[in-house]
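Written below as structure tokens is the structure these notes are about.
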Amino acid sequence: MISKVCVIIAAYNASKTVGDIVTGALKHVSRVIVADDGSTDTTASVAAEAGAEVIAADRNTGKGNALRTLFQRAMEEGYEAVISIDADGQHDPEEIPQFIAMHTRYPEDIISGSRMHEKEKIPRARYNSMLIARFYISLAANQFLDDTQCGFRLYPLSFIKKMRLMTEKFVTETELLMKAGDSGLNVRFVNIKTIYGGGSHFKPVTDLFAITAYVISYLYVKWIIEGVTSDNPNTYAIKNDVRDTLAKNKTIDRLFQGLTLLTTLPVTVFFLFEYVFLEPFIPNNFASIRKRNFKFARITRATLMLPVLIGIVVTEKIAKTVGFTSNVVDSFIDRYFSY
């Protein structure tokens with residue numbers, strides 16, 4: 001089984017950490033492939049000296065494109081699965097055997113790391129954003145996903161071969177989870193160490209906004225289809241997906257995402273109307289939600305509370321500048337967005 005799995009690393013200006021990651025990974029697999037995403041330091045040479053095969057890009061194009069390159073190379077070299085691990089030192093390669101052991105039991109499933117068991121080690125603002133992301137991404141994936149933002153994952157390439165990745169940068173990892181779950185694939189989790197450092201290139205504002213826009217636009221298409229069809233929980237059709245079609249044209253895609261962001265609140269109420277009143281005429285519409293006994297009224301209530309949450313966050317930040325602290329945000333998120 002180990003000979004059929006390789007480790008892939010998307011790296012950008014990670015010369016200080018990538019060598020140790022490669023060395024650690026090679027203790028457990030025979031092949032490590034690094035995509036040097038246009039680094040301006042010695043990332044490529046450090047990774048190569050540590051024993052990795054290096055694919056160097058001329059310019060920085062983002063993690064999504066680096067992952068596509070790595071998936072393609074692993075398939076060309078005949079691997080059946082890949083383990084993605086970050087180059088910034090926030091994942092411990094000594095935990096790779098957990099992923100391989102789980103893959104041995106469930107070879108068709110995605111295996112992801114989870115840090116949610118050590119929430120005290122996660123920065124408060126980051127943890128709160130992870131809870132909200134988990135709430136909506138789990139809905140898109142038709143299953144509870146413990147940690148949707150962890151990049152330490154094992155992907156079976158049999159699924160990757162069938163799938164079209166349309167997004168860029170950090171959005172791609174979210175796209176992978178949603179499309180996998182919405183195709184009927186299971187996503188399983190193993191607990192990993194929670195390590196936070198200063199090497200991540202994730203931008204809390206712009207990258208979170210991009211992920212949010214894609215998730216909402218994906219759910220729009222999913223629920224439009226589910227609302228008017230019976231027993232159709234897995235709406236991502238590999239060969240003819242509406243969301244992928246929209247994404248082919250970048251201008252149309254941006255306009256669509258902007259439209260969905262602006263109309264999120266009224267359209268969610270409309271979906272609730274469909275959920276309640278169309279079910280007698282379209283049995284088991286919104287099948288993915290009904291299957292999980294997850295009431296759409298709860299989704300609507302949580303979504304309507306998002307503007308309130310933003311107001312609370314802003315108020316807390318202002319209050320903090322004058323020396324007053326509170327945890328209203330934490331309790332608010334626990335009430336509306338926790339499972």
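With the requirement that a residue be in contact with a strand residue (DSSP E or B) (Cβ under 7 Å, 6 or more places away or on another chain) and either surrounded by 21 or more Cβ atoms within 10 Å (Cβ to Cβ) or at pLDDT below 95 (or both), what does region 15-28 give you? Please lay out each step first, then the result.
Of the residues in region 15-28, the ones in contact with a strand residue (DSSP E or B) (Cβ under 7 Å, 6 or more places away or on another chain) are 18, 21-22, 25-26.
VAL18, ILE21, VAL22, ALA25, listed by residue number.
Just wondering, is there one or more residues in region 228-240 that are touching a residue at least 40 places away in the same chain (Cβ under 8 Å), β-branched (Val, Ile, Thr) and surrounded by 19 or more Cβ atoms within 10 Å (Cβ to Cβ)?
If we filter region 228-240 for residues that are touching a residue at least 40 places away in the same chain (Cβ under 8 Å), which is where we start, we get 228-236, 238.
If we keep only those that are β-branched (Val, Ile, Thr) as well, we get 228-229, 235, 238.
Keeping just the survivors that are surrounded by 19 or more Cβ atoms within 10 Å (Cβ to Cβ) gives 235.
Yes: one or more hits.
Just checking, does region 14-30 include any residue being acidic (Asp, Glu), part of a loop (DSSP other than H, G, I, E, B), in contact (Cβ under 8 Å) with a residue 12 or more places away in the chain and over 24 Å from ASP207 (Cβ atoms)?
no
If you take the residues of region 324-339 that are part of a helix (DSSP H, G or I) and not hydroxyl-bearing (Ser, Thr, Tyr), which of them is surrounded by the most Cβ atoms within 10 Å (Cβ to Cβ)? Don't jump to the end; show me each part of the working.
Taking region 324-339 and keeping what is part of a helix (DSSP H, G or I), we get 328-337.
The next check asks that each one be not hydroxyl-bearing (Ser, Thr, Tyr); those that pass are 328-330, 332-335, 337.
Working: VAL328: 13, VAL329: 17, ASP330: 14, PHE332: 16, ILE333: 22, ASP334: 12, ARG335: 11, PHE337: 19.
It comes out as ILE333.
Which residue, of ARG153, ARG115, ARG124, is over 19 Å from ILE96 (Cβ atoms) and in the same structural domain as ASP86 (by TED's automatic domain parsing)?
Numbers: ARG153 fails: over 19 Å from ILE96 (Cβ atoms); ARG115 fails: over 19 Å from ILE96 (Cβ atoms).
So the residue among ARG153, ARG115, ARG124 that is over 19 Å from ILE96 (Cβ atoms) and in the same structural domain as ASP86 (by TED's automatic domain parsing) is ARG124.
Does region 96-107 contain any residue that is assigned to a loop (DSSP other than H, G, I, E, B) and within 19 Å of the chain's Cα centre (by Cα)? Don't jump to the end; show me each part of the working.
As a first pass, look at region 96-107 and keep what is assigned to a loop (DSSP other than H, G, I, E, B): 106-107.
Now restrict to residues that are within 19 Å of the chain's Cα centre (by Cα): none.
Checked region 96-107: no residue is assigned to a loop (DSSP other than H, G, I, E, B) and within 19 Å of the chain's Cα centre (by Cα).
Taking LYS222 and the conditions (1) crowded, with 17+ Cβ neighbours inside 10 Å; (2) basic (Lys, Arg); (3) farther than 30 Å from ALA11 by Cβ; (4) modelled with pLDDT under 95, which numbered condition does it fall short on, given that it satisfies the others?
(4) is the only condition that LYS222 fails.
Within region 43-64, track down each residue that is closer than 17 Å to LEU26 by Cα, free of Cβ contacts under 8 Å to residues at least 40 places away in the same chain and not in a helix (DSSP H, G or I).
Those that are closer than 17 Å to LEU26 by Cα, free of Cβ contacts under 8 Å to residues at least 40 places away in the same chain and not in a helix (DSSP H, G or I): ALA50, GLY51, GLU53, VAL54.
In this structure, is PHE271 closer than 15 Å to LEU219 by Cβ and under 23 Å from the mean Cα position of the chain (by Cα)?
Working: closer than 15 Å to LEU219 by Cβ: yes; under 23 Å from the mean Cα position of the chain (by Cα): no.
In short, no.
From the list GLU77, GLU49, GLU120, GLU108, exactly one residue is in contact with a Pro (Cβ under 7 Å, 6 or more places away or on another chain) and more than 17 Å from GLY151 (Cα to Cα). Which is it? Show your work before the answer.
Working: GLU77 fails: in contact with a Pro (Cβ under 7 Å, 6 or more places away or on another chain); GLU49 fails: in contact with a Pro (Cβ under 7 Å, 6 or more places away or on another chain); GLU120 fails: in contact with a Pro (Cβ under 7 Å, 6 or more places away or on another chain).
Exactly one of GLU77, GLU49, GLU120, GLU108 is in contact with a Pro (Cβ under 7 Å, 6 or more places away or on another chain) and more than 17 Å from GLY151 (Cα to Cα), namely GLU108.
Go through region 136-160 and report how many residues are surrounded by 20 or more Cβ atoms within 10 Å (Cβ to Cβ), at pLDDT below 95 and assigned to a helix (DSSP H, G or I).
1
Given the conditions (1) closer than 25 Å to LYS4 by Cβ; (2) part of a helix (DSSP H, G or I), report the number of the one that ILE111 does not fulfil.
(2)
Hey, could you check region 109-124 for residues that are modelled with pLDDT under 95 and among the acidic types (Asp, Glu) and say which is surrounded by the most Cβ atoms within 10 Å (Cβ to Cβ)?
Here the answer is GLU118.
Out of all the residues in region 287-323, which are in a helix (DSSP H, G or I), over 20 Å from ALA133 (Cβ atoms), over 23 Å from the mean Cα position of the chain (by Cα) and hydrophobic (A, V, I, L, M, F, W, C)?
Scanning region 287-323 gives ALA297, ILE318, ALA319.
Among the helices (runs of 4 or more DSSP H) confined wholly to region 213-282, which include 3 or more residues that are among the charged types (D, E, K, R)? Write out each step before concluding.
Numbers: elements: 242-247, 250-262, 264-277.
By residue number, 250-262.
Working only within region 65-83, note down all residues that are assigned to a helix (DSSP H, G or I) and among the hydroxyl-bearing types (Ser, Thr, Tyr). Even if it seems obvious, please write down each step before you answer.
So in region 65-83, the residues assigned to a helix (DSSP H, G or I) come out as 65-76.
The answer is THR69, and nothing else.
Only residues that are touching an Asp or Glu at 6+ places or on another chain (Cβ under 9 Å) and aliphatic (A, V, I, L, M): list them for region 286-337, please.
Once the filter is applied, which keeps residues that are touching an Asp or Glu at 6+ places or on another chain (Cβ under 9 Å) and aliphatic (A, V, I, L, M), region 286-337 yields ALA287, ILE289, VAL328, VAL329.
The values are calculated or read from the model by the stated rules, or taken from the named source; none is laboratory data. Remember, it's a predicted structure, so these values are computed and weren't measured experimentally. Every residue, glycine among them, receives a Cβ derived from its backbone with ideal geometry; neighbour counts consider all protein chains shown.
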